[in-house]
1. For labels at Ala171 and Leu193 in the simple 7 Å Cα→Cβ model, what's the distance in nm?
2. When DSSP beta bridges are limited to those with both residues in the range 48-185, what percentage is antiparallel, rounded to the nearest 5?
3. So what is the relative contact order of the range 48-185, in percent, for Cα pairs below 8 Å that sit 6 or more residues apart?
4. If you average the C-alpha positions of the range 128-199 and of the range 35-64 separately, how far apart do those two centres end up, in angstrom?
5. Could I have the simple spin-label model distance between Ile200 and Asn103, label points 7 Å from Cα toward Cβ, reported in nm to one decimal?
6. Report, to two decimal places, the Cα Rg of the range 48-185 normalised by 2.2 N^0.38 Å (N = number of residues).
7. Just to compare against my own numbers: the Cα pair-distance distribution for the range 128-168, 10 Å bins, whole % per bin, please.
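What follows is calculated from the coordinates using simple rules that are stated; it is not laboratory data. As the structure is a prediction and not an experimental result, all values here were calculated from the model. Note that each Cβ is placed from the backbone with ideal geometry, even for glycine, and that neighbours are counted across all protein chains shown.
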Amino acid sequence: MDLQDTGETDTRISSNNDAKKCCDNSLANNISNETKTKNEKRTDYLSWDDFFMATAFLVAKRSKDPVTQVGACIVNQEKKIVGTGYNGMPIGCNDDEFPWGKNNPVDNKYLYVCHAEMNAVLNKNSADVNNCTIYVALFPCNECAKIIIQSGIKEVVYLSDKYSYKKKMIAAKKMFNASGVIFRQYIPSKQHLVLDFSEINSNMTQMPCTPEKSNDN
Ligand SMILES: [Zn+2]
């Protein structure tokens, strides 16, 4: 309710003191709530875990794999992202020419695709990833576990362990336990996160306009 509405409402009910008092209280509450909303810290912001896992999921959207898109996000101890990666073909291996299927024993994606964890480590923008945490959608395989351990990463946060029965994941856990790499499952605070690009232009009081060209330019 804006201030103009307030004036009109007050005039209309001026003969009824009780109603006016009620309205005034309601108005005060509205203004109070609005002030509170605009001047106090948001409480529904993303947690760090939500943010880094969501980043891993966003990065996965870059993957061209028709079946499984996995992303990884490496975070240092200052909560800064130092590397991201997704599953894809090695540099120079044209992803229009290399195979994305897995049924042909020779022409098979498993021979070529780099996993998200490997790419995230190799894409790092810091000197090293010692003592970092890696966020991944799926529990890492044994090959990625080796890379994680050798790179100095100390914690793995994963969302799903749906292949826990496979020997690759069993071996990965065995190696993590032996080398002291902590792993924990991330439980999302909500199942869906929506990115709405139009949100930034909502509730605008003034529409943007293109600056006019000056005549003498
Ligand atoms: Zn892997």
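1. 3.2 nm
2. Details: 10 of 19 bridges.
Of the beta bridges lying entirely in the range 48-185, close to 55 percent run antiparallel.
3. On the way: 278 pairs, mean separation 28.8, N = 138.
Answer for the range 48-185 is 21 percent.
4. Here the two parts' Cα centres lie 19 Å apart.
5. For the pair Ile200/Asn103, the computed spacing is 4.4 nm.
6. Details: Rg = 14.5 Å, N = 138, 2.2 N^0.38 = 14.3 Å.
Against the compact-globule rule of thumb, the ratio is 1.01.
7. P(r) for the range 128-168, in whole percents per bin: 31, 55, 14, 0.
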